[in-house]
Amino acid sequence: MTVKGWSLCVALAGLLALGAPFSQAATATRPDQPPSKPEQPKAKPAPPAPAKPPAHGEMGQAHGQGHAQTGQGPSAADMQAMMAAMQPGPHHKALQGFAGDWNVVVKTWMAPGTEPSITKGTSHNAMIYDGRYLKKELTGEMMGMPFQGMGLVGYDNVKKEYRSLWIDSMSTALMISTGSCSDDGKTWTYTGEMPGMDGSMQKVREVVKVVSDAQHVFSMYMSGPDGKEMQWAEITYNRQ
């Protein structure tokens, strides 16, 4: 074999060893074939169309379905109990007997065994929020100064107890107490706490006795100087 023939064999073996890519490249550069078109980039997918907001009814249905699927949210029994707890009942109706306009006589004691200070005033009581609460607004005198006080009384259907709140112009503290009513509906008893002059909390007991439809008496007891319970105030309400 001549040198020229040996060189040709070596070149052919080299092309076979390099494989198809070079073969494809050589084919692509053949003058008798038109150049292939460059590969077009793939188009990006269109963004999804915004979802149409559901109608009001559809939104409610979806909300209910979501609760059903996730197991969350109030059940029908829960909703029924919630609606029942929202409504005024017989305990609220019992408070209506205190509504009206009243003349009041206020007695206060500063220490056990002493004579009470006696003042007079008026009280306007009214049921509010569709019979859910009794609002009391008292106007009178206390220690020779004008006195105003406001109270709210209601019955908590969930906790099964009466709750009372009192504020007045002689203090910056809110007195909150809880209580119950006797079976005959004649006596309400409340217990709570209020800050004393030294800032310490003192226990308070309140008793409301119904004498008749035209009269009821409020009594308030708290710790005296010796630490024992003493009567601090008595307010007699007489219907105008």
Those residues that are part of a strand (DSSP E or B) and of a type in the set (A, V, I, L, M, F, W, C), I need them from region 107-121; list them, please. I118
Subset tally (residues that are surrounded by 13 or more Cβ atoms within 10 Å (Cβ to Cβ) and part of a strand (DSSP E or B)) for region 122-173: 33
Cβ contacts < 6 Å: first residue touching a residue at least 24 places away in the same chain (Cβ under 8 Å) and open to solvent by 60 Å² or more (accessible area, probe 1.4 Å), restricted to region 110-121; second residue among the hydrophobic types (A, V, I, L, M, F, W, C) and not in a strand (DSSP E or B), any location; separation 6+ or different chain. Result? none
Looking at (1) among the small types (G, A, S); (2) assigned to a helix (DSSP H, G or I); (3) surrounded by 14 or more Cβ atoms within 10 Å (Cβ to Cβ); (4) without any contact (Cβ under 8 Å) to a residue 60 or more places away in the chain, can you tell me which one A94 breaks? (4)
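Mind checking which strands (runs of 3 or more DSSP E) fall wholly inside region 178-240 and carry at least 1 residues that are without any contact (Cβ under 8 Å) to a residue 12 or more places away in the chain, open to solvent by 50 Å² or more (accessible area, probe 1.4 Å) and within 21 Å of T122 (Cα to Cα)? Even if it seems obvious, please write down each step before you answer.
Details: elements: 187-195, 201-212, 215-223, 229-239.
By residue number, 201-212.
The values are calculated or read from the model by the stated rules, or taken from the named source; none is laboratory data. The model shown is predicted, which means the values in this text are computed figures rather than measured ones. Here the Cβ is made from the backbone with ideal geometry for all residues, glycine too, and neighbour counts use every protein chain on show. Just so you know, the surface numbers come from the protein's heavy atoms only, side chains and all, with ligands and any DNA or RNA stripped out. Shrake-Rupley method; radii C 1.70, N 1.55, O 1.52, S 1.80 Å.
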